[in-house]
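Throughout, read-outs are computed from the coordinates displayed, never taken from laboratory work. This one's a predicted model, so the numbers in the text were calculated from it and none came from an experiment. Cβ: placed from backbone, ideal geometry, glycine included. Neighbour counts: every protein chain shown.
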Number of protein chains: 2
Amino acid sequence: MSLRAVLLITLQREPGTGYDILQRFKAGLAHVWQASHQQLYRELDRMRGDGLLACETLPQTERPDRKVYQLTEAGRQALDIWLAEPLSTSPVRQPLFAKFFAWERWPEEARREELTDFRKQLKDRLTTYAAIEREWFSDPQSLTPAQRAPWHTLRLGQRLTETWVEWVEEVIEEN
Amino acid sequence: MSLRAVLLITLQREPGTGYDILQRFKAGLAHVWQASHQQLYRELDRMRGDGLLACETLPQTERPDRKVYQLTEAGRQALDIWLAEPLSTSPVRQPLFAKFFAWERWPEEARREELTDFRKQLKDRLTTYAAIEREWFSDPQSLTPAQRAPWHTLRLGQRLTETWVEWVEEVIEEN
DNA sequence: TAGCCTTATGCAACAAGTTGCATTTGCCGG
DNA sequence: CCGGCAAATGCAACTTGTTGCATAAGGCTA
């Protein structure tokens, strides 16, 4: 249900096509939401069907048409409703932790490889975050509250990832 | 796909019924995996159908029968295969972060309430973790490596939650 | 003593997410 | 000049997860 809300928010900030949104998810929203293009296209179409979005088809010569979506009044209302009600807590799912509960059966070589590889993924994520911060929040002091809020989310993403890195390095060292 | 693996691991540690597993999820595995009873019963039945689990039905007087599951040889093999292959990264989904990207439309009162409520949930989680630690890992020094591994996961869960708490308190204070 | 919680299981319908495949053109590199 | 990638969309089948409901007995509490 939240994918819908995330789409309402991104399109409220700026109208765009499914493809546009995909790029935003990959770039500035990497720490907020990720979804496949199929999910986006299908959900956008449903939301149009439900009257939350209006769609303008821009024909392009020699390329598939661009379908630019933007919020309708009903879409804005749906967004306000979603914002006003508290989120339900999402269930915990940590498959990596599960492997730790089968420590004896987890082959040492696979273990080392997986953990060092995981550490690399975390480091890459930190690099991505740093790039986003440089591009969008180069001067945190001069941000308005509305700009400062997204910056907070990025900061938390960084801190959480740093915590993960510290932990995984301790575990690697100990084994 | 990981639910299966998590079930293989918990049942490998100790055979049990769907209900047993649900209790373990609520207690000692709260930071690892959560699932509804329907998911468990359905998945256990499928795994039996696939030959990964054997099931012994213990009739009880005046109560529904208990179905005790345990791994078959095929189940142990499936577990080893899963352990050996690296996990695929799971997509990021942070609906709370999304709200921060609609800061202006997020009513101040709802915002305050949601954030303080969230903070309370985090604190509760820390309490749960502390209880698990007392019960299962009261003396970390004397743990074998296989016992120490699950303890590591708990420690990370605690540190991540602490990071969340610090962050949410900063945000509350700033607004 | 009526009503809810716990034990213990399950079906059915639906919503959400994944995987595999398909289209069309232009551009860029080897 | 051939192959793959980027732009831009989509269908169909499948797996996972959620929601609502159902059963049936005993124990606890107001």
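General observations
- Label distances, nm, A:Asp80 versus same residue in remaining copies, Cβ-directed 7 Å point: 6.2
- Eligible aspartates and glutamates near B:Lys120 by straight Cα distance, threshold 16 Å, same-chain separation 8 or greater: B:Glu162, B:Glu166, B:Glu169, B:Glu170, B:Glu173
- Full extension of the chain between B:Asp124 and B:Glu73 yields a length gain of 14.4 nm, computed as 0.36 nm times the residue separation minus the alpha carbon distance.
- Annotation: aspartates and glutamates with alpha-carbon distance below 16 angstrom to B:Lys67 (same-chain offsets under eight excluded): B:Glu14, B:Asp20, B:Glu43, B:Asp45, B:Glu56.
- Spin-label model, A:Ser36 to B:Thr89: label points 7 Å out along the Cα-to-beta-carbon direction sit 1.7 nm apart.
- Computed over segment B:2-84, relative contact order equals 35 percent, with contacts defined as Cα pairs under 8 Å that lie 6+ residues apart.
- Other copies of A:Glu14: label-to-label distances in nm, shortest first, labels 7 Å along the beta-carbon direction: 5.5
- With 20 Å as the limit, the listed pairs A:Lys26/A:Lys99; B:Lys26/B:Lys123; A:Lys26/B:Lys99; A:Lys26/A:Lys123 have A:Lys26/A:Lys99 beyond it between alpha carbons.
- Whole-number percent relative contact order across chain B, with pairs defined as alpha carbons under 8 Å at least 6 apart: 19 percent
- Size of charge dipole - chain A - debye, nearest 20, with Cβ of Lys, Arg +1 and Asp, Glu -1, no other charges: 440 debye
- Signed unit charges on C-beta, dipole axis of segment B:43-165, positive-most listed residue B:Ile132, B:Thr116, B:Ala54: B:Thr116
- Look at the stretch B:151-160: the mean tally of other chain Cβ atoms within 10 Å of its residues' Cβ atoms is 5.
- Average beta carbon contacts from partner chains per residue of A:1-7, 10 Å cutoff: 3
- With a Förster radius of 30 Å applied to the C-beta separation of B:Gln147 and B:Ile81, the computed FRET efficiency comes to 0.75.
- Label point of B:Glu166 set 7 angstrom out along Cα-Cβ; within segment A:108-145, no amide nitrogen lies under 13 Å from it.
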